[in-house]
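Reviewing the structure listed below.
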Amino acid sequence: MSKLFEPIKIREETIRNRAWVSPMCQYSSEDGFSNNWHMVHLGSRAVGGAGLVMTEAAAVEPEGRISPWDLGIWKDEHISGLKEITDFIISQGSTPAIQIAHAGRKASTKRPWQGRGKILSEDGGWVPKGPSAIAFDEESQVPEEISNDEVKNIINKFVLGAQRSVEAGFQCIELHLAHGYLAHEFFSPISNTREDEYGGNFDNRTIFGVEIAKEIRKAIGENIPLIARLSVTEYHDDGWDIESSVKLSKKLKDVGVDMIDCSSGGNYSDQKIELAPGYQVPLSKNIKEKAEILTGTVGLITEKKHAEEILAKGEADVIFLGRELLRNPYWSLYAEGQIEKWPVQYQRSFEGSKKINYIREN
Ligand SMILES: Cc1cc2nc3c(=O)[nH]c(=O)nc-3n(C[C@H](O)[C@H](O)[C@H](O)COP(=O)(O)O)c2cc1C
């Protein structure tokens, strides 16, 4: 019996299976607007059978973009384009989700295919914001330490972004609290040396992320699933670790977060990660067992058998697939192996074809 293709119900949303699209920046927007690229990119993964299709990180303010080409959710004008995309995703039986984000000190960089690296104000970029004036690494800009009022302002921008997301038809929201972006920067003692209410001990450092979740849950009501992506560890002896993530997950659960999407790293430039298929599964297992909350795992999972094993062992409740789904948007349909699940428009492709055997075997 496949667990991967068993639906999962979270609050009022039933998601058709547990193979979900991990958020992946496309760096293809202008002024934060979605366009035909996003429709085809996200739409293809819905056609391809994913249970939930998540957008890339969508910035809650322009200064919160990783690059000038990031998707945005900071103004009402962004809603209508996204609504067309969510309508299409829903028409394909998939659940549309959005990841809302603020890049913090890692904002204002080039697109990967332009060589990454910072973009200074004089070249069309901006000075990033951070909890403290500490750069990510020697190549990065030193962020401007945000004031107490500005912290509250950004929390409010997350709430407005979530409200716009609901208006745009998203049926699930993920908070990007990972990968060394603003919320993670607040959590970690290596990037947050503030001496006010948002710095110092664990409780203070986590206020920013917890407040975002709490206020969003109040604003969107009880029906919509809310996920938080965490870097469960940042691979630094004195930094943010698994134990901190367990404690934070419990707090997030108390304010209405339904699932932790368990990722890692991104806040410490010298991090050493031993990459292997499913390398982040133990992080998910830890959070699931110790914080007693639903979890998603992600990271180099490409085989159906592997995904099924993780779910069968109870190490995660859903599997996020990233790069594999960039290579093959139809991964889920192949993995499920049922021709009748393919879009009717494509079913003739299996008539009298050897591919019928191929799909049954996958
Ligand atoms: C092109 C690309 C863009 C990404 N953008 C995001 C993003 O916007 N938000 C995020 O949380 N993770 C992002 N990630 C990380 C992925 O969601 C995923 O966690 C990571 O690629 C590991 O999973 P995989 O091995 O299945 O690709 C990105 C990864 C890639 C390859």
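The values are calculated or read from the model by the stated rules, or taken from the named source; none is laboratory data. Everything numeric here is computed off the predicted structure, so don't read it as measured data. Counting neighbours? That spans all protein chains shown, and the Cβs are built from the backbone with ideal geometry, glycine included.
Applying the criterion of being over 28 Å from ILE79 (Cα atoms) and touching a helix residue (DSSP H, G or I) at 6+ places or on another chain (Cβ under 8 Å) to the residues of the stretch 166-193, the residue that is farthest from the ligand (Cβ to nearest atom) is PRO189. Restricting the first member to the stretch 220-234 and to residues that are in a loop (DSSP other than H, G, I, E, B), and the second to residues that are among the aromatic types (Phe, Trp, Tyr), the beta-carbon pairs closer than 6 Å and six or more apart or on different chains are GLU234/TRP240; GLU234/TYR268.
Number of residues in the stretch 57-68 that are of a type in the set (D, E, K, R) and crowded, with 24+ Cβ neighbours inside 10 Å: the value is 1. Annotation: SER44 fulfils all but one of (1) touching a strand residue (DSSP E or B) at 6+ places or on another chain (Cβ under 7 Å); (2) within 16 Å of the ligand (Cβ to nearest atom); (3) within 20 Å of GLY93 (Cα to Cα); the unmet one is (1).
Every condition in (1) away from the ligand (no atom under 12 Å from the Cβ); (2) within 21 Å of GLY48 (Cα to Cα); (3) under 18 Å from the mean Cα position of the chain (by Cα) holds for THR295 except the one numbered (2). Scanning the stretch 127-180 for residues that are touching a Gly at 6+ places or on another chain (Cβ under 7 Å), part of a loop (DSSP other than H, G, I, E, B) and within 30 Å of THR86 (Cα to Cα) yields ALA178, HIS179, GLY180. Based on what the data block shows, is ILE100 of a type in the set (Val, Ile, Thr), over 17 Å from the mean Cα position of the chain (by Cα) and outside any loop (DSSP other than H, G, I, E, B)? For ILE100, the condition - of a type in the set (Val, Ile, Thr), over 17 Å from the mean Cα position of the chain (by Cα) and outside any loop (DSSP other than H, G, I, E, B) - is not met. Screening the stretch 300-314 for residues that are free of Cβ contacts under 8 Å to residues at least 60 places away in the same chain and surrounded by 20 or more Cβ atoms within 10 Å (Cβ to Cβ) and picking the one that is farthest from the ligand (Cβ to nearest atom) gives ILE310. Checking each residue in the stretch 103-131 for being among the polar types (S, T, N, Q) and under 24 Å from the mean Cα position of the chain (by Cα) picks out SER108, THR109, GLN114. Please determine whether any residue of the stretch 315-333 is polar (S, T, N, Q), within 27 Å of SER91 (Cβ to Cβ) and at pLDDT below 95. Looking through the stretch 315-333, none of the residues is polar (S, T, N, Q), within 27 Å of SER91 (Cβ to Cβ) and at pLDDT below 95. Pairs linking a residue in the stretch 15-26 that is within 8 Å of the ligand (Cβ to nearest atom) to a residue that is β-branched (Val, Ile, Thr), with Cβ atoms under 8 Å and 6 or more positions apart or on different chains, are SER22/VAL298; PRO23/THR55; CYS25/ILE66.
Residues being at pLDDT 95 or above, buried (at least 23 other Cβ atoms within 10 Å of the Cβ), at negative phi and not basic (Lys, Arg) are entirely absent from the stretch 270-277. Would you check if GLU195 is surrounded by fewer than 18 Cβ atoms within 10 Å (Cβ to Cβ), of a type outside the set (Ser, Thr, Tyr), outside any helix (DSSP H, G or I) and on the phi < 0 side of the Ramachandran plot? Judged against the criteria, GLU195 is a match. Is there a residue in the stretch 69-78 that is in contact (Cβ under 8 Å) with a residue 40 or more places away in the chain, within 12 Å of the ligand (Cβ to nearest atom) and either within 20 Å of PRO225 (Cα to Cα) or buried (at least 21 other Cβ atoms within 10 Å of the Cβ) (or both)? The answer is yes; a qualifying residue exists. Among the residues of the stretch 289-307, those identified as within 21 Å of PRO23 (Cα to Cα) and of a type outside the set (S, T, N, Q) are ILE293, LEU294, GLY296, VAL298, GLY299, LEU300, ILE301, GLU303, LYS304, HIS306, ALA307.
Cβ-Cβ distances below 6 Å connect the following pairs, each with a first residue in the stretch 111-135 that is in contact (Cβ under 8 Å) with a residue 40 or more places away in the chain and surrounded by 11 or more Cβ atoms within 10 Å (Cβ to Cβ), a second residue that is among the aliphatic types (A, V, I, L, M) and in a loop (DSSP other than H, G, I, E, B), and a separation of six or more residues or different chains: GLY125/ILE119; PRO128/ALA107; LYS129/ILE146.
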